[in-house]
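Trainee: Below are the structure tokens for one structure; questions will follow.
The values are calculated or read from the model by the stated rules, or taken from the named source; none is laboratory data. Computed from a predicted structure; not experimentally measured. Quick note on the areas: whole protein, heavy atoms, side chains included, nothing else; ligands and nucleic acids left out. Shrake-Rupley method; radii C 1.70, N 1.55, O 1.52, S 1.80 Å.
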Amino acid sequence: MTTLLISDLHLHPAAPEITEGFFAWLERNTQRPVTLYILGDFFDAWIGDDLMALGAQDPTGHAALANQVAARLRAASERGCGIYLMHGNRDFLLGDQFAEAAGAELLPESCIIELAGKPVLLMHGDSLCTRDEAYMAFRAQARNPQWQAGVLAMPIPERLALAQRMREQSGEANSTKAEDIMDVTSEEVVRVMQEHQVNTLIHGHTHRPAVHPVEQLDDEQAVRFVLGDWSREHGWEIRADDTGIELSRFAFSETND
């Protein structure tokens, strides 16, 4: 069976081209049973599963988007597609309600699966960026259950405003950071791969798609696959089967052929 992996779609009401591109890609790739892993930042922001209940009453369009995406994933699930979701740094509040509506299963922040006959470690990738101390401090706060409970207790308009402020602050902070600070730390990559006893790692987050040999592991086969983020015209995927693992970019126009 084919396994597909994607990350960093950043679905948002203001970017309908990405949503439609994803729907076309999903329809094309799930006409026969496959397994799909979505490795975080599926949504550009997620303020809580209770937003879905607002439906058309939400003027921002986030509720409608969430319900449309859940319905498309559920349809793929009913066609025999196994769907797995991982939290990212933008959608860490995704919960069981959305997963159930989507016919999906939520994953821990790291997990090992078998691809092409070998164990592979999956992560979103933000925890690997240890040189970005400001972000790592925020990450620790955002993954704290008490902090999350406090946010989810806020009225929905306040949560939407908070999400907007956080995106703006993140953009401002990143504009002044050195490029290497926002990339993964090689020592952390080696540490987690050794800890999990794997020679293949797949993640997203950095928006720097590539296939990197991990030379520090002293293993000629050690490799790190980095998924790219989706734009209004292109997406990135990893496709794995018994023959191997391949990272590629595709144009949305290809999904409509």
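Trainee: Under 5 Å between amide hydrogens, which residues at least 5 positions from A104 or on another chain qualify, with H placed 1.01 Å from N in the peptide plane?
Mentor: Those lying under 5 Å, H to H, from A104: there are none.
Trainee: Could you derive backbone 3J(HN,Hα) for the stretch 33-39 from the dihedral phi with the Karplus parameters 6.51, -1.76 and 1.60 (θ = phi - 60°), listing whole Hz in sequence and x where the residue is Gly or Pro?
Mentor: Computed from phi, the couplings for the stretch 33-39 are x, 9, 10, 10, 10, 10, 9 Hz.
Trainee: To the nearest Å, what is the center-to-center distance of the stretch 34-92 and the stretch 204-257, using C-alpha atoms only?
Mentor: Going from one Cα centre to the other spans 22 Å.
Trainee: Can you give me the long-range amide H partners of L115? Hydrogens built in the peptide plane at 1.01 Å from N, cutoff under 5 Å, separation of 5 or more residues or another chain.
Mentor: V120
Trainee: Could you tell me the largest-minus-smallest coordinate of the C-alpha atoms of the chain on each of the three principal axes, in descending order and whole angstroms?
Mentor: If we take the Cα atoms of the chain, the spans are 55, 44, 30 Å.
Trainee: I would also like to ask the following. Need one word for the stretch 1-76: rounded, prolate or oblate. Basis is the Cα gyration tensor (sqrt eigenvalues a ≥ b ≥ c); a/c below 1.5 gives rounded, then a/b vs b/c decides.
Mentor: Prolate.
Trainee: Sort the stretch 5-133 into rounded, prolate or oblate with this rule: let a ≥ b ≥ c be the square roots of the eigenvalues of the Cα gyration tensor; rounded if a/c is under 1.5, and if a/c is not under 1.5, prolate when a/b is larger than b/c, oblate otherwise.
Mentor: Oblate shape, in that a/c is at least 1.5 and b/c is the bigger or equal ratio.
Trainee: Run through the DSSP bridge list for the chain and note the antiparallel percent, rounded to the nearest 5.
Mentor: The antiparallel fraction comes to roughly 55 percent.
Trainee: Got a number for carbon plus sulfur as a percent of the chain's accessible area, 1.4 Å probe?
Mentor: It is 48 percent, rounded to a whole number.
Trainee: Looking at the square roots a ≥ b ≥ c of the eigenvalues of the Cα gyration tensor of the stretch 61-193, which shape do they give, rounded for a/c under 1.5, prolate if a/b is larger than b/c, or oblate?
Mentor: oblate
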